[in-house]
Amino acid sequence: MIGRIQGTLIEKQPPEVLIDVGGVGYEIQMPMTSFYQLPAVGESVTVFTHFVVREDAQLLFGFADKMERGLFRELIKANGVGPKLGLTILSGMSAPQFLTSVQNEDVSALVSLPGIGKKTAERLVVELKDRLAKFGKSESVSLPVSADNLSGQTIVAVNDAREEAQSALVALGYKPAQASKLVSSVYQDGMESEAVIREALKAAI
């Protein structure tokens, strides 16, 4: 099990990052709530990870803190929730928001997430309410926060920022038409892709 990765952040392409550890590059998929906290490219970073082995792939998922990773692990134990949907859920709302929604049996908040229908939301509440009671306040975040968090390596062109945001939303489970509509509704001149994604996810809820 690969439980933690510490190295140099060399690429950021939401929702995936590439971290160099001793000359080996690890591709890691992250929920956007953790992705927003990444430092600038070229800086040192530490993420907590969950390793998934499938017949056709070996995948690493990364998180800002142990609480979010723990919540992800509980999510993928739930019936009908795989790693991709778990990533989508934790991109659409923070770990504390999800915990609150489950504890308050707020099905409507969960249904607003892509891939979550009413039956799935109700099942998540039933399956997870007691199991998630153990989660308290988030542990300290390990990702160093940089003033350049939303800048990436370089300032990208408008079209690149919009296309990157749309691609990220599609990767998180949104349909292409829905992703395009969300991006168009929140985009303003000068916005970077991560800011567009952040606002689009807020608008989707």
Next item on the list: Specify which of the listed residues (A64, A40, A57) is touching an Asp or Glu at 6+ places or on another chain (Cβ under 8 Å) and either free of Cβ contacts under 8 Å to residues at least 24 places away in the same chain or of a type in the set (G, A, S) (or both).
Entry: A40
Next item on the list: Among what's in the range 171-186 and is buried (at least 19 other Cβ atoms within 10 Å of the Cβ) and not in a helix (DSSP H, G or I), pick the residue that is farthest from the chain's Cα centre (by Cα).
Entry: Y174
Margin query: Whether any residue in the range 34-49 is in contact with a strand residue (DSSP E or B) (Cβ under 7 Å, 6 or more places away or on another chain), farther than 30 Å from G117 by Cβ and among the charged types (D, E, K, R) is what I want to check.
Written below: yes
Note to self: Return the pair list, or none, for Cβ contacts closer than 6 Å from residues in the range 88-107 that are free of Cβ contacts under 8 Å to residues at least 40 places away in the same chain and assigned to a helix (DSSP H, G or I) to residues that are of a type in the set (F, W, Y) and surrounded by 15 or more Cβ atoms within 10 Å (Cβ to Cβ), at least 6 apart or on different chains.
What the structure shows: L99/F135
Margin query: Exactly one of these conditions fails for A168: (1) in a helix (DSSP H, G or I); (2) of a type in the set (A, V, I, L, M, F, W, C); (3) modelled with pLDDT under 85. Give me its number.
Written below: (3)
Next item on the list: Pairs only if they're at least six apart or on different chains, beta carbon under 8 angstrom, first in the range 176-197 and outside the structural domain of G115 (by TED's automatic domain parsing) and over 20 Å from S112 (Cα atoms), second crowded, with 19+ Cβ neighbours inside 10 Å and of a type in the set (D, E); list them, first residue then second.
Entry: S193/E164
Item checked: Boolean, A40 is hydrophobic (A, V, I, L, M, F, W, C) and either more than 28 Å from A161 (Cα to Cα) or surrounded by fewer than 16 Cβ atoms within 10 Å (Cβ to Cβ) (or both) -> no
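The values are calculated or read from the model by the stated rules, or taken from the named source; none is laboratory data. Only a predicted model underlies this, so the values are computations on that prediction, with no experimental measurement involved. Virtual Cβ from ideal backbone geometry, glycine too; neighbours counted across all protein chains shown.
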